[in-house]
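Here is the structure we will look at, set down as structure tokens.
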């Protein structure tokens, strides 16, 4: 079964912030970042419960080449994966928990 992806509106701001940073270093990194992000989304559509539990009910997929997490929640009733944030791994875990709780509402 393929799950549907749904995105919190601010998720794109998260991605754009990272893309802006990488574009200042090397334009090739922006393409690589988007490829990694796309791979994470493909994985989540196929295996939404295959990623690490961040803190119930939130999960995360770590990007392989970049220090970012795709944070999400599985909504079983509608077979939806709700992407809540794309966050740098060095963020304070308390900040991330607060952000996810806020965006999950």
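Applying 0.36 nm per residue to the separation of residue 55 and residue 13 and subtracting their alpha-carbon distance, the gain on full extension is 12.8 nm. Considering only 31, 56, 11, the mean-square fluctuation computed in a Gaussian network model of the chain, springs between alpha carbons under 10 angstrom, is largest for 56.
Here the residues 14, 35, ranked from fewest to most Cβ neighbours within 10 Å of their Cβ, fall in the order 35, 14.
Fewest-first ordering of 53, 86 by other beta carbons within 10 Å of each residue's beta carbon gives 53, 86. Residue separation of residue 91 and residue 21 scaled by 0.36 nm, minus their Cα-Cα distance, works out to 23.6 nm of gained length. Report, to the nearest 10°, how far helix 93-103 tilts away from the longest principal axis of the Cα atoms in the chain, using its own Cα long axis and a range of 0 to 90°. So the inclination is approximately 60 degrees.
Separation of the stretch 79-97 and the stretch 17-67, taken as the distance between their Cα centroids, equals 11 angstrom.
Where a number appears in this text, it was derived from the coordinates with a stated rule and is not lab data. Since we're looking at a predicted model, the values are computed, not measured. We place every Cβ from the backbone using ideal geometry, glycine too, and count neighbours over all the protein chains shown.
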